[in-house]
1. Taking Kirkwood radius over Cα pairs in Å as the quantity of interest, determine which of (i) 19.5; (ii) 17.8; (iii) 18.3 was computed from the displayed structure.
2. About the Cα centre of the chain, what is the dipole size in debye to 20, counting +1 per Lys and Arg Cβ and -1 per Asp and Glu Cβ, all else neutral?
3. Only Lys, Arg, Asp and Glu count, each charged at its Cβ (+1, +1, -1, -1), so figure out the dipole size of the range 115-230 about its Cα centre, rounded to 20 debye.
4. Antiparallel DSSP bridges in the range 10-228: what percent, to the nearest 5?
5. Helix-derived [θ] at 222 nm for the chain: sum -39500 (n - 2.57) over DSSP H runs of at least 4, divide by residue count, nearest 500?
6. Tell me, what is the Rg over Rh of the range 1-135, with Rh the Kirkwood radius over Cα pairs?
7. If packing is taken as the mean number of other Cβ atoms within 10 Å per residue, what is the order of 53-59, 114-120, 140-146, 124-130, highest first?
8. Can you tell me how much longer the chain between Thr114 and Val209 gets when fully stretched, taken as 0.36 nm per residue apart minus their C-alpha distance, in nm with one decimal?
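Each reported figure results from applying straightforward, stated rules to the coordinates on display, with no laboratory input. In this text, all values refer to a predicted model and were calculated from it rather than measured experimentally. Counting neighbours? That spans all protein chains shown, and the Cβs are built from the backbone with ideal geometry, glycine included.
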Amino acid sequence: MQPEFAAIPVLFADADFAVLDKPPGLPVHPGPRRGPSVEDWFPALARGRAGPWLAHRLDADTSGCLVVARRRAALLAAQAAFAAGRVRKIYWAIVSGHPPGQSGRVELPLAKRTGPSGWRMVADPAGQPAITDWVLRGRADGMSWLELRPRTGRTHQLRVHCAGLDCPILGDAVYGSGGPQLHLVARAVDLPLDPPLHVVAPPPAHMQVALRQTGWDPATAEPPGGRRAA
């Protein structure tokens, strides 16, 4: 049975873009099962006969900032920025265990492997380059709060790289021990356009208990929402 989703919160909207707070568990595309997806809400974001379009993607189980272009020129500008690696993306994750230090970089090339139980991404020297910077933001017994800044955009990159640190993301059934929900949110995105766009998403409800235990204080955190320079 497919889960039901209420209207997707809009963190920011102007003539060029809408940035959505994608709920966890909602795919961006319908997929072969034709279940609910972000695209179901596209008619409400349309500004003409064409569009809107996804400027990038998030895994179904990842929540947070998802950029949707409302005009073709905006789509092309955003795609060029993503392709050039100029977009700054920040993710928060609650992971099992503690990383080796206060900060670091993971450089593990990734390749897709398909087996009897399905497909997954694996570390492979012959795979596509994949780089993630990480910072330890807080910790508690048996778990840590990491800020992740991917320098590349490979499928499942953050999940594999956290597992490569021996710190799999809580709730990751593929690269960790599993659980009810993945503790990963696309916390913020910065598009270096003219004018630039900066948007922040709130942590989903299922992450907030663990975040508080590891030191997150919502009263002092940057509030959700978006802005463009005048």
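1. Matching the structure shown: (iii).
2. 620
3. Here the range 115-230 has a charge dipole of around 140 debye.
4. If we restrict to bridges inside the range 10-228, about 95 percent are antiparallel.
5. Numbers: 4 runs with 33 residues, N = 230.
Taking each H run of at least 4 residues, the total per residue is -4000 deg cm²/dmol.
6. When Rh is taken as the Kirkwood radius, the ratio is 1.00.
7. Ranked from most to least packed, the peptides come out as 53-59, 140-146, 124-130, 114-120.
8. Net length gain for the segment: 30.7 nm.
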